[in-house]
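Single-structure report; data block below.
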């Protein structure tokens, strides 16, 4: 007569299966993220090479860091690097048909190259230029002439807000950031990092979608993955801000956030240095 499994044997088998699942799921999740990270880094490299070629073909002038707005510069009206076609399109076909794909589109004509596979669902673009890459004129990064007009500011050989390739002297191009993966559509036109203050800006939360880290590119064309050192950086209180009836972006809860730990401050200052080339405050002022 055939003997069946006892209850204890069945429980042992179930326990073994549960244990194997518990081991395999994190491994598979990690492998999936690493594969998506490779795609993301490839996208960033394509966009950054396009950013360099654009400048070379425009007498060294950098593409406007504004993602969507047309800006006045050099007595011309210039399109933002990204273009309004990527601003929450109704569908993929609507995005493809919309001609307003930004100033870098002639160099990267693939809509999938403008978003990370780990980006929020529905967002057609997840990358942003950092604020110093010809973005907004942040506090402390410009001078006023006799007529009250804003002028470019240098500290030694460091140009804070970059407008030309030749501005990148010290630090070198390998140390100045250009693009960063925000994980969602840039609503502030660029990724804003303070120059004067040791704080994260409330509308530019440190991205954490890549295993508690982020991907970014440098002005020489190479790309990097940064895993945040501080547990604080990852756990800063965040909230989802609605930008349409079905889509959200991630912002910080409340006002700008000042790190309270050494590792948290390290993460912020690392990105501030990559953005502006230096800190705009003395380290002694930080917590």
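The values are calculated or read from the model by the stated rules, or taken from the named source; none is laboratory data. What you see is a predicted model; the values in this text were computed from it and never measured. Here Cβ is always computed from backbone atoms with ideal geometry, including for glycine, and neighbour counts include all displayed protein chains.
Return yes or no: is residue 91 free of Cβ contacts under 8 Å to residues at least 40 places away in the same chain, loosely packed, with under 14 Cβ neighbours inside 10 Å, out of contact with any strand residue (DSSP E or B) (no Cβ under 9 Å at 6 or more places or on another chain) and under 30 Å from residue 211 (Cα atoms)? Steps first, please.
Working: free of Cβ contacts under 8 Å to residues at least 40 places away in the same chain: yes; loosely packed, with under 14 Cβ neighbours inside 10 Å: yes; out of contact with any strand residue (DSSP E or B) (no Cβ under 9 Å at 6 or more places or on another chain): yes; under 30 Å from residue 211 (Cα atoms): yes.
It is true that residue 91 is free of Cβ contacts under 8 Å to residues at least 40 places away in the same chain, loosely packed, with under 14 Cβ neighbours inside 10 Å, out of contact with any strand residue (DSSP E or B) (no Cβ under 9 Å at 6 or more places or on another chain) and under 30 Å from residue 211 (Cα atoms).
For region 103-127, name all the residues that are out of contact with any helix residue (DSSP H, G or I) (no Cβ under 7 Å at 6 or more places or on another chain) and either more than 13 Å from residue 40 (Cα to Cα) or surrounded by fewer than 20 Cβ atoms within 10 Å (Cβ to Cβ) (or both). Don't jump to the end; show me each part of the working.
Of region 103-127, the ones out of contact with any helix residue (DSSP H, G or I) (no Cβ under 7 Å at 6 or more places or on another chain) are 105-106, 109-110, 112, 115, 119-123, 126.
Selection gives 105, 106, 109, 110, 112, 120, 121, 122, 123.
Across region 215-245, what is the number of residues that are on the phi < 0 side of the Ramachandran plot and either in contact with a helix residue (DSSP H, G or I) (Cβ under 9 Å, 6 or more places away or on another chain) or part of a helix (DSSP H, G or I) (or both)?
Qualifying residue count for the region: 20.
Can you tell me which residue is modelled with the lowest pLDDT among those in region 253-285 that are farther than 28 Å from residue 163 by Cβ and in contact with a strand residue (DSSP E or B) (Cβ under 6 Å, 6 or more places away or on another chain)?
253
Is it the case that region 247-257 has a residue that's within 23 Å of residue 36 (Cβ to Cβ) and in contact with a helix residue (DSSP H, G or I) (Cβ under 8 Å, 6 or more places away or on another chain)?
Scanning region 247-257 turns up no residue that is within 23 Å of residue 36 (Cβ to Cβ) and in contact with a helix residue (DSSP H, G or I) (Cβ under 8 Å, 6 or more places away or on another chain).
Before we move on, is residue 114 out of contact with any strand residue (DSSP E or B) (no Cβ under 9 Å at 6 or more places or on another chain), on the phi < 0 side of the Ramachandran plot and modelled with pLDDT of 90 or more?
For residue 114, the condition - out of contact with any strand residue (DSSP E or B) (no Cβ under 9 Å at 6 or more places or on another chain), on the phi < 0 side of the Ramachandran plot and modelled with pLDDT of 90 or more - is not met.
Checking the condition surrounded by fewer than 16 Cβ atoms within 10 Å (Cβ to Cβ), free of Cβ contacts under 8 Å to residues at least 40 places away in the same chain and either more than 15 Å from the chain's Cα centre (by Cα) or under 19 Å from residue 51 (Cβ atoms) (or both), which residue from 246, 235 passes?
Values: 246 fails: free of Cβ contacts under 8 Å to residues at least 40 places away in the same chain.
Matching residue, one of 246, 235: 235.
Assess whether residue 255 counts as being surrounded by 12 or more Cβ atoms within 10 Å (Cβ to Cβ) and in a loop (DSSP other than H, G, I, E, B).
Working: surrounded by 12 or more Cβ atoms within 10 Å (Cβ to Cβ): no; in a loop (DSSP other than H, G, I, E, B): yes.
No: the conditions fail for residue 255.
I'm told residue 80 meets every condition in (1) within 29 Å of residue 198 (Cβ to Cβ); (2) buried (at least 21 other Cβ atoms within 10 Å of the Cβ) except one. Can you identify the failing condition by its number?
The failed condition is (1).
Restricting to region 134-165, count the residues that are assigned to a loop (DSSP other than H, G, I, E, B) and either out of contact with any helix residue (DSSP H, G or I) (no Cβ under 6 Å at 6 or more places or on another chain) or exposed (fewer than 12 other Cβ atoms within 10 Å of the Cβ) (or both).
Number satisfying all stated conditions: 18.
Restricting to region 198-214, name every residue that is in contact with a helix residue (DSSP H, G or I) (Cβ under 7 Å, 6 or more places away or on another chain) and either in a strand (DSSP E or B) or within 24 Å of residue 282 (Cα to Cα) (or both).
Passing the criteria: 198, 200, 206.
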